Amino acid sequence: MVQTGLRVEWFTTVIPQIIQDYRTELEASDNPLAADPVAWAQCEIQARGILADCVASLAAGEVKVNSSHITDSVDLGTQRVRQGIHGSHSVRAGMVLTEQVLLALDDFARRHPGVDEQGSILLVRALQRAIALRVEAGARGYDTFVITQVRELNDQGRRRLAREIHDKIGNELSLAMRQLELYEIALAQDPAASEPVLGRIRETLGQALGHTRDLITELRRPVLVGTLETALRAFTQSFGDSAPAVQIWVHGTEDWLPTTMHDELFLIVRECLRNSFTHAGSSNIVVHIGITPDEVSAEVIDDGRGFDLTEVQRTRSTNGLSGLRERVDLLGGVLKVDSVVGRGTRASVWLPIRAAEEVAR
């Protein structure tokens, strides 16, 4: 057993100064653990726990680390993800704390020459062990949370694909089957009158085939490449010369959008555009997207033929509105559709960014 009573008394008295210098150095290096009040409070608790382990080790003459503190570090790793602070900042903080303890130890050695070096070695070993165990535990918490999020995103992707298949392809195939039944009846009664029904069947199956191709294309490539405006313009250009004139304005900084919301916003606006292209027969379409740190608003306005929303809901011919509403609802937003027969359609979307961040978590 190493007798280090003098070092225990000394080290206990210098802990407040070590903590103060620790924060100063973190701030000087722009470490987010010192910039955010909540993160710093958590960081200080961890630092004091590490230093307490050092005191306990000096008193016992061997390395002692409080295991209950390590369990807390696992939860802290999860909180770091939610705070948007990467695990590398915790590693750097551990290095800074080590440096401050070594500086204090060097000052002590200069003031007390000839003191047994065994105590210094024990202190450094305890410090290293206490920091390493906490960083390892924090990394486990960080990784567990990220893996859980990845699984959730994959589940969301599968559910979204199921909605697309059910709402679009499934409904169109069901309609085609019903039209086939009507065609058989019309063919038996009056072959000449069956041609219009056959045309409607072709149109419905063509729409189902188009949606199938869109889903396959979406699965083969990233949802969003580049900015929202660039991606939306690329989508409109894919319709060729048959597409109406489209004006797109995006105001605000897209960096304010969480990644998941960024992709979902593109899909929402794209679906509104697709409906206008496919059903509205419009000459002009205007897209407005406004982004602030707290919310997003988007409007897609066309001058097409419009429709009776009550009638559409009654006949369940939603033209993708059900899927749109579900996407918006999942983000905690609001979808409003205004349409007048012969006067066009306006689809308005409002999304709260903070709520979307919680959904992503």
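The values are calculated or read from the model by the stated rules, or taken from the named source; none is laboratory data. This structure is a prediction, so every number in the text was calculated from the model and none was measured. Every residue, glycine as well, gets a Cβ built from its backbone with ideal geometry; the counts of neighbours run over all protein chains shown. Accessible surface areas use protein heavy atoms only, side chains included; no ligands, DNA or RNA. Shrake-Rupley method; radii C 1.70, N 1.55, O 1.52, S 1.80 Å.
Any idea which of Val246, Val269, Val250 is under 21 Å from Ser322 (Cα atoms), in contact (Cβ under 8 Å) with a residue 40 or more places away in the chain and not acidic (Asp, Glu)?
Val269
So, of the residues in the range 128-159 that are of a type in the set (S, T, N, Q) and at pLDDT below 70, which turns out to be farthest from the chain's Cα centre (by Cα)?
Asn154
Within the range 284-310, which residues are open to solvent by less than 60 Å² (accessible area, probe 1.4 Å), farther than 18 Å from Leu257 by Cα and outside any strand (DSSP E or B)?
Of everything in the range 284-310, those that are open to solvent by less than 60 Å² (accessible area, probe 1.4 Å), farther than 18 Å from Leu257 by Cα and outside any strand (DSSP E or B) turn out to be Gly304, Gly306, Phe307, Leu309.
Take the residues of the range 188-201 that are assigned to a helix (DSSP H, G or I) and farther than 22 Å from Glu172 by Cα: which is most open to solvent (accessible area, probe 1.4 Å)?
Gln189
Given the residues Arg129, Arg159, which is the only one that is open to solvent by 70 Å² or more (accessible area, probe 1.4 Å) and closer than 30 Å to Ala59 by Cβ?
Exactly one residue qualifies, and that residue is Arg129.
Kindly evaluate Glu254 against the criterion of being touching a Ser or Thr at 6+ places or on another chain (Cβ under 8 Å) and not small (Gly, Ala, Ser).
Yes.
Among the residues of the range 342-361 satisfying the criterion of being basic (Lys, Arg) and farther than 25 Å from Leu273 by Cβ, which is modelled with the highest pLDDT?
Among those residues, the one meeting the criterion is Arg354.
Among the numbered conditions (1) of a type in the set (Val, Ile, Thr); (2) open to solvent by less than 50 Å² (accessible area, probe 1.4 Å); (3) modelled with pLDDT of 85 or more, tell me where Ile121 comes up short.
(2)
Give the number of residues within the range 253-283 that are assigned to a loop (DSSP other than H, G, I, E, B) and open to solvent by less than 50 Å² (accessible area, probe 1.4 Å).
So the count comes out to 3.
State all residues of the range 69-96 that are hydrophobic (A, V, I, L, M, F, W, C) and either in contact with a strand residue (DSSP E or B) (Cβ under 8 Å, 6 or more places away or on another chain) or modelled with pLDDT of 70 or more (or both); if no residue qualifies, say none.
Passing the criteria: Ile85, Val91, Ala93, Met95, Val96.
Is it the case that Val328 is over 26 Å from Gly170 (Cα atoms), open to solvent by less than 80 Å² (accessible area, probe 1.4 Å), among the β-branched types (Val, Ile, Thr) and modelled with pLDDT of 70 or more?
no
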